[in-house]
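The structure appears right after this line, and notes come after that.
The values are calculated or read from the model by the stated rules, or taken from the named source; none is laboratory data. As the structure is a computational prediction, the values presented were derived from the model and not from experiment. For neighbour counting, all protein chains shown are included, and Cβ atoms are generated from backbone atoms with ideal geometry for every residue, glycine included. When the accessible area is computed, the model is the full protein with side chains, heavy atoms only, and any ligands, DNA or RNA have been set aside. Shrake-Rupley method; radii C 1.70, N 1.55, O 1.52, S 1.80 Å.
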Amino acid sequence: MLKNGPKEMGVAEACEVEEVPGQDYREEILGLKKKMNAVILAHYYQEGEIQDVADIIGDSLELSRRAAETNADVIVFAGVHFMAETAKILNPQKPVLLPDLNAGCSLAEGCPADRFRAFRKEHPDHVSITYINCSAEVKAASDIICTSSNAEKIIRQIPADRPIFFAPDRNLGRYLIRKTGRDMLLWEGSCIVHETFSLRKLVRLQVEYPEAEVIAHPECEEPVLDRAAFIGSTSALLKHVQSSPLRSFIVATESGILHQMEKAAPGKRFIPAPPEANCACNDCPYMKLNTMEKLYRCMKNRTPQIVMDPAVMDKALIPIQRMLSMS
Ligand code: 13P
Ligand code: SF4
């Protein structure tokens, strides 16, 4: 499943991880962070203990914004590869460390740059709005980047007479078509985690917990989204459970978000939406490649780092900056 090895991803060599039994990684990481003047950025889908040592925990948009603003000397990215690449593009002079270089993303893998560029050539009139879950090379060939937080706002700013090509997530694309009424050409990509939820089991859960509200990330498939009372990015879902008067929620997104939900809204009940198979498929296998040991080792050894082609970085920066100014 994890196809992109370090070489294919164009990054430095992987960090060697030896387990040190009984080591207090938390204290070591906090000490290294101070010593290195590093900032740890963590996505909500990281393990709870990683989120607990992070300076900033956020969704893809917040993490990009905070990466653009940071004064730290070193950026440590507890997330997946495309997120760390975005941080590097925004901070070309700073080292950006990623605990495991194999932390890819099915959406990024399903949208290779050569096929993306060829598709754009076939549709030269289309403005390409590309979800941030893609490689830097795909970003470099895009007009505007978006995340699940700002996609709707960005689409609404495109003049009505301009056709739009949206890549790579077809579920998010379909959701945005319904939301904005804009017809868009869609790339056929999907997230292996958000496509895993079982409608049959979700309906059964709703019968079991009639008081619970279904909330979902827009990367989920349409039948799951149709059952959701609230749809939003990871940050939007988190804010919603805090402000809602309801006490119980069925959560259709990656399970890592439950850690912050439980912290932000103690006493409320969060029920993970079940996957079709009897598996932990609502855990992102890429996000969960990062561990406390790997985080500690990568900080201690200052490797693995994100290494990128400067020409690709320069090109990819333009649509990222457009996103930041349009959102
Ligand atoms: P957001 O962080 O924008 O909600 O996206 C979720 C996701 O799948 C990240 O990979
Ligand atoms: Fe990619 Fe899905 Fe994992 Fe997010 S949850 S990193 S979209 S595979």
Residues that are within 30 Å of Asp161 (Cα to Cα), at least 2 per element: which helices (runs of 4 or more DSSP H) completely within segment 55-133 meet that?
60-69, 106-109, 113-122
Taking segment 55-68 on its own, how many of its residues are free of Cβ contacts under 8 Å to residues at least 40 places away in the same chain and open to solvent by 50 Å² or more (accessible area, probe 1.4 Å)?
2
Does Ala229 meet the test of being more than 17 Å from Gly79 (Cα to Cα), modelled with pLDDT under 95 and open to solvent by 50 Å² or more (accessible area, probe 1.4 Å)?
no
Can you say whether Ala42 is outside any loop (DSSP other than H, G, I, E, B), under 21 Å from His259 (Cα atoms) and either within 16 Å of ligand 1 (Cβ to nearest atom) or not aromatic (Phe, Trp, Tyr) (or both), as far as the supplied structure shows?
yes
Which ones in segment 187-215 are away from ligand 2 (no atom under 13 Å from the Cβ), open to solvent by less than 40 Å² (accessible area, probe 1.4 Å) and not in a helix (DSSP H, G or I)?
Trp187, Ser198, Ala212, Glu213, Val214, Ile215
Are there any pairs with C-beta distances below 6 angstrom linking a residue in segment 311-327 that is over 13 Å from Ile144 (Cβ atoms) to a residue that is of a type outside the set (A, V, I, L, M) and surrounded by 15 or more Cβ atoms within 10 Å (Cβ to Cβ), with the two at least 6 apart or on different chains, and if so which?
Val312/Glu137
Name the pairs: first residue in segment 26-38 and at positive phi and at pLDDT 95 or above, second residue open to solvent by less than 50 Å² (accessible area, probe 1.4 Å) and hydrophobic (A, V, I, L, M, F, W, C), Cβ to Cβ under 6 Å, at least 6 apart or on different chains?
Asn37/Ala72
Report, by residue number, each residue of segment 261-286 that is under 22 Å from Ile57 (Cβ atoms), part of a loop (DSSP other than H, G, I, E, B) and small (Gly, Ala, Ser).
Ala265, Gly267, Ala273, Ala280
The residue that is nearest to ligand 1 (Cβ to nearest atom), considering only those in segment 257-297 that are of a type in the set (D, E, K, R) and surrounded by 20 or more Cβ atoms within 10 Å (Cβ to Cβ), is Lys294
Asp52: under 18 Å from Ser235 (Cα atoms), modelled with pLDDT under 95 and either within 16 Å of ligand 2 (Cβ to nearest atom) or surrounded by fewer than 17 Cβ atoms within 10 Å (Cβ to Cβ) (or both), yes or no?
no
Considering only residues that are open to solvent by less than 50 Å² (accessible area, probe 1.4 Å) and of a type in the set (Gly, Ala, Ser), which ones fall in segment 305-321?
Ala316
On the given criteria, is Pro218 of a type outside the set (A, V, I, L, M), part of a loop (DSSP other than H, G, I, E, B) and open to solvent by 50 Å² or more (accessible area, probe 1.4 Å)?
no
